[in-house]
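The values are calculated or read from the model by the stated rules, or taken from the named source; none is laboratory data. Bear in mind that the values here come from a model prediction, so they are computed numbers and not experimental data. Cβ: placed from backbone, ideal geometry, glycine included. Neighbour counts: every protein chain shown.
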Amino acid sequence: MAKLGVGLLLTLSLVLSPLWLAAADIKIGVVDSNDILSKSSEGKKVQDTIKRKGEELGKSLQRQEQEIGKAMEDFRKQSAIMKEEAKKQRQEELGKRASEFQRKVADADKQMSILEQREMEPLLKKLEQAVNDVAKENKLDMVIDRRRSGLLYMAPALDITEKVRSRFGR
């Protein structure tokens, strides 16, 4: 039994040792893409564009939401003295307005998503090219995005964010 355990251990070490040796030669870089994008002039312009569009859509939706809320409050106050048929008709009308409002909110969310994707796409391509260039220059085998990977710790020497930032442009 002991011979089987020793044999298994020896076999595993022989099989896995080339993998460990290969892993020792891998060069990894880590980049904080959110930091680069959010601090670049192009990234700030995109965020401003997205923010302006969000505020524009938000004002209209906020006004409509207030109007519907006021109409519902008025209905609650008047419903005690309303006839059943008028009450039912008013409820249906308010339900339609609320449904239409929800549709507009969903449409606004979709518009914002499309805008963000359209505006960010060229920046992400440019960032990808900058990362590729820095990786080639530094002979890196792998580059990990610090924020998206959930990386909790890294040796500071692995951080190539500033190199990519200079390649990307501030």
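Key figures
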quantity: So Gly58, is it under 40 Å from the mean Cα position of the chain (by Cα), farther than 27 Å from Leu124 by Cβ and not acidic (Asp, Glu); calculated: no
quantity: Every residue from the range 139-170 that is at positive phi and either touching a residue at least 12 places away in the same chain (Cβ under 8 Å) or more than 22 Å from the chain's Cα centre (by Cα) (or both); calculated: Lys139, Gly169
quantity: Of residues in the range 104-160 being more than 22 Å from Lys53 (Cβ to Cβ) and touching an Asp or Glu at 6+ places or on another chain (Cβ under 7 Å), the one modelled with the highest pLDDT; calculated: Arg146
quantity: Residue list for the range 133-167, filter: in a helix (DSSP H, G or I) and either surrounded by 14 or more Cβ atoms within 10 Å (Cβ to Cβ) or hydroxyl-bearing (Ser, Thr, Tyr) (or both); calculated: Asp133, Val134, Ala135, Arg146, Ser149, Leu158, Thr161, Lys163, Val164, Arg165, Ser166, Arg167
